[in-house]
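The structure appears below as structure tokens.
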Amino acid sequence: MIILEPRNILPEHQAGFRPKKSTLNNIIRLTEYAKHQVYGTDRRRHAAVILFDIKAAFDSVWHDGLIYKLNELRFPQYIMNYLMSFLQNRVAVIEIENNVSKPFNLKSGTPQGSPLSPLLYIIYTADSMNGISDHTEHGLFADDTALWTSSNTTTSLNNRLQQSVDAFESWCKSWKLKLQPTKTELIHFTVHPRRSFKNPINIKIQDTIVTPSDSTRYLGIIIDKRLNWRSHIHHIESKIAGRISLLRFLNKTAYESNDKIMLNIFKSIARTMIIYGYPILLTPNDKIWERLQIIQNKAIRAALGLPIYTSVDYIHRITNIPKIKEYAVTLLQRYIQTAICNN
């Protein structure tokens with residue numbers, strides 16, 4: 001990164017495995033774009049996002065292609081020697097029911113588990129968005145690739161998005177990466193989400209037609225076509241139930257339950273899940289935060305072994321833990337300050 005960042009080699013919107021960037025960068029960009037296009041303009045537009053699935057992305061990095069790109073970037077020779085040694089002369093075998101194949105050389109893929117592998121992947125794909133039209137935005141987080149755009153009509157929107165998808169698909173073919181259309185997701189944002197359109201959004205990838213879904217997962221957030229976050233809150237409620245049960249179990253089975261330790265565990269395994277994606281949830285709709293607050297109340301009671309009827313004010317007074325929306329606002333203030341300092 002010491003070599004890459006000052007030279008602006010990596011795309012601005014590649015947020016994976018980079019200092020001062022996170023999943024939040026692209027989550028915020030996408031959701032703010034969609035809200036502005038659909039609800040924030042005088043003439044409400046259509047917007048759509050397509051989320052690609054790249055088959056075995058890290059395992060498909062073409063060694064010769066990566067080395068070519070590294071040479072083009074004029075890395076120092078000692079780094080090139082190290083990277084070539086890291087990639088080349090790797091062998092593998094296949095075992096099926098105790099039958100082992102002969103060793104064979106690997107001509108693609110970066111070693112799993114190595115901290116260098118994600119960095120090599122984002123270098124390999126650094127130019128993947130160069131052919132995308134100016135009317136289309138993109139967000140990258142390692143191999144998570146998203147394209148989004150907008151237009152006044154569904155026909156124009158479809159054409160714009162298809163043009164950009166074709167450009168990305170062409171790039172993938174050139175560099176031996178394969179898209180999986182059946183695992184690719186499409187969301188159509190519109191002010192009339194229940195309406196059937198004469199020319200609906202349909203994107204073709206290879207020989208498969210991708211049609212819009214009501215909701216999908218993007219970088220840990222459930223995004224729905226209405227942008228009301230109900231699906232995401234429901235997802236949190238479902239996923240966190242097991243963690244609340246774990247907190248209750250730990251409190252009951254500990255030889256000497258320590259409130260400080262239990263609250264730290266709560267913060268680590270429960271609050272992090274509740275608060276994830278907080279910038280996009282800070283909307284005028286307080287019902288979102290009422291539901292999140294209920295989840296936090298349950299988790300704290302479980303961590304401390306308190307009865308379910310224990311008052312919310314009492315819980316927060318004895319723990320000195322802020323209510324979840326207050327905590328989110330504090331995090332947002334820090335996030336903004338950090339962004340200002342970084343710029």
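Since every read-out is calculated from the coordinates, none of them should be taken as a lab result. Quick caveat: nothing in here was measured; it's all calculated off a predicted structure. In this analysis, Cβ positions are derived from the backbone assuming ideal geometry, glycine residues included, and neighbour counts consider all displayed protein chains.
Structural remarks
- Rg/Rh for the chain, where both radii come from Cα atoms and Rh is the Kirkwood radius: 1.02
- Rounded to the nearest whole angstrom, the semi-axes of the ellipsoid equivalent to the range 163-212, taken from the Cα gyration tensor as √(5λ), stand at 26, 10, 9, largest first.
- Comparing Pro115, Ser311, Ala299 along the charge dipole axis of the chain, the residue lying farthest to the positive side is Ser311, per the Cβ-charge model.
- Straight-line cross-link reach from Lys69 at under 22 Å between alpha-carbon atoms covers these lysines, not counting any fewer than eight positions away in the same chain: Lys55, Lys107, Lys173, Lys176, Lys178.
- Within straight-line reach of Lys252, meaning a Cα separation under 26 Å, sit the following lysines at least 8 residues removed in sequence or on another chain: Lys239, Lys260, Lys267, Lys298, Lys323.
- Counting charges near Ile209 (Lys, Arg +1; Asp, Glu -1) among other residues having Cβ under 15 Å from its Cβ returns a value of -2.
- Geometric descriptor of the range 59-122, per residue, is 88 Å³ (volume of the convex hull of the Cα atoms).
- Seen from Gln333, the other residues with C-beta closer than 15 Å to its C-beta sum to a net charge of +1, counting Lys and Arg as +1 and Asp and Glu as -1.
- Inter-label distance, nm, simple model (7 Å from Cα along the C-beta direction), Ser245/Leu332: 3.4 nm
- Values of log10 I(q)/I(0), in the order q = 0.17, 0.34 Å⁻¹, for the range 265-309 under a Debye, Cα-only, solvent-free model: -0.51, -1.20
- Here, P(r) means the percent of Cα pairs in each 5 Å bin from 0 to the largest distance; for the range 230-342 it is 2, 11, 22, 22, 19, 12, 7, 3, 1, 0.
- The aspartates and glutamates whose alpha-carbon is closer than 19 Å to the alpha-carbon of Lys287, local same-chain residues fewer than 8 away aside, are Asp224, Glu237, Asp313, Glu326.
- Averaged over residues, the count of other Cβ atoms within 10 Å places the peptides 203-216, 225-238, 148-161 in the sequence 148-161, 225-238, 203-216, highest first.
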